[in-house]
Structures are given as structure tokens and as C-alpha cells.
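The values are calculated or read from the model by the stated rules, or taken from the named source; none is laboratory data. These numbers were taken from a predicted model, which means no experiment stands behind them. Here the Cβ positions follow ideal geometry from the backbone for every residue, glycine too, while neighbour counts run over all protein chains shown.
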Amino acid sequence: MGFGCVIRDWKGNWKKGYAGTIPPSDILKDIWCEIDCHEAYILLKADTSAANNEATDLIRRIHDLMRHTWRVEISLIQRSANVVADALAKYAVLHGVDQVQLLIPRYDIKELLKQDMEA
């Protein structure tokens, strides 16, 4: 599982970024999941015990995982708000990065930040 984190100032300027991967066996206590897909958000927030659709098995397995001893917060965000963090997470998974702190954004991230600031 990959993760990406962006720390910005109040104007939206880059301060730091983090990217990495988390092995499935690591113990997590608090999980914040920001989803940019409305349909997935609705399915994860809903009681699917009586649901009968193609995604039911996957959603039930996710709900089973959410019942573990950790706290899970799910929030719906705009897709445009998730572009930079998503790119960092994909970078970490693609390159097998455990964790890296980026004091200066990579070139491809700079372009995404620029697009985000212009929007």
C-alpha cells in the first residue's frame, strides 16, 4: 500500500512532501482515508449487510478490515485535492520506496502543484 502526504502553507505553497509504502503486516492504530470517488465513499459509509450488487464482496471485505482494533475515518474530497498526494503514493509503490521525505518537489510534482495553484 502506498501513501503520499503534502504539507503546504496557507497559500498552498509546498513546504514538504512524503511518500512511502506500508507493509500489510504493520500495526496501524488510526487510518484516515480520503476518497475522491463518490460511489466508493457511499458504499464504504453504508450498511452493506443487505446489499446485493457486484461490489458487495469487496465492500464487505473492506468493512471487515475496518472492524479491527484501529480507528478508520473516511472522508470524501474533491479529486483535484488529491492529485499531488496520489502522485506521491504511486511514485512510492512504483519505485519500492519505504519512506522518503521530499524537501523540494520532484519535477512532475512541481507541474501538478502549479496546475493545482492555478485552479
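Among the residues making up segment 63-92, those that are buried (at least 16 other Cβ atoms within 10 Å of the Cβ) and of a type in the set (Val, Ile, Thr) are Val72, Val83, Val84.
Based on what the data block shows, is Ile74 modelled with pLDDT of 80 or more and either at negative phi or of a type in the set (Ser, Thr, Tyr) (or both)? Criteria met by Ile74. Taking segment 54-108 as the range and being part of a strand (DSSP E or B) and either acidic (Asp, Glu) or in contact with a Pro (Cβ under 8 Å, 6 or more places away or on another chain) (or both) as the test, only Glu73 passes. Among residues that are among the aromatic types (Phe, Trp, Tyr) and touching a strand residue (DSSP E or B) at 6+ places or on another chain (Cβ under 6 Å), Tyr107 is not included.
Among the residues of segment 1-24, those identified as touching a residue at least 12 places away in the same chain (Cβ under 8 Å) and surrounded by 15 or more Cβ atoms within 10 Å (Cβ to Cβ) are Gly2, Phe3, Gly4, Cys5, Val6, Trp14, Gly17, Tyr18, Ala19, Gly20, Thr21. Under the condition of being modelled with pLDDT of 80 or more and under 15 Å from the mean Cα position of the chain (by Cα), the residues counted in segment 7-43 number 7.
Please indicate, with yes or no, whether at least one residue in segment 82-89 is over 16 Å from the mean Cα position of the chain (by Cα) and of a type in the set (Val, Ile, Thr). There is no residue in segment 82-89 that is over 16 Å from the mean Cα position of the chain (by Cα) and of a type in the set (Val, Ile, Thr). At negative phi and either more than 14 Å from the chain's Cα centre (by Cα) or at pLDDT below 75 (or both): is that true of Ala50 in this structure? Yes; evaluated as a whole, the condition is true for this residue.
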